[in-house]
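Just so it is clear, none of the values below were taken in a lab; they were calculated from the coordinates. Computed from a prediction, not measured in an experiment: that's the story for all the values here. Note that each Cβ is placed from the backbone with ideal geometry, even for glycine, and that neighbours are counted across all protein chains shown.
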Amino acid sequence: MTFSENSDWRSAARTLGLDPFEVKNVSRRYDMYKRFTDEQGGTTLDLTRWYKWYRVEKLSEGHAMLIPPEPGCSIGPDTAQEGAVVSEADFLTLLQLYRNPD
């Protein structure tokens, strides 16, 4: 890990070269999942287990990588780096920092 777990999550995201909006976006997806599951009377996964499931789902959408990125996206056809921008563990740590700042 290239940042301290005591870091402000925004600073940590920028240190890793990640747009902080991505952390917020994934956090909102967890909130939607939790709200829907709770409303249906189901048992929700904790954030760590849900994130592992979420990553598998995203990886299974590899075909979507063939579609050009949305306008304004920070990842584009001229991006030099291939593959994940940050590791799964680093992103999960950022997500936890964002959701539990104390």
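Some notes on this structure:
- Virtual spin-label span in nm between R29 and E88, 7 Å along Cα→Cβ: 1.4 nm
- Footprinting exposure proxy for D31, D90, D19 (fewest neighbouring C-beta atoms within 10 Å first): D31, D19, D90
- The simple Förster model, with R0 at 35 Å and r as the Cβ-Cβ distance, assigns T43 and F21 a FRET efficiency of 0.70.
- Per-residue Cβ neighbour counts within 10 Å put L95, L47 in the sequence L47, L95, beginning with the fewest.
- Neighbour-count order for K34, K52, fewest beta carbons within 10 angstrom listed first: K52, K34
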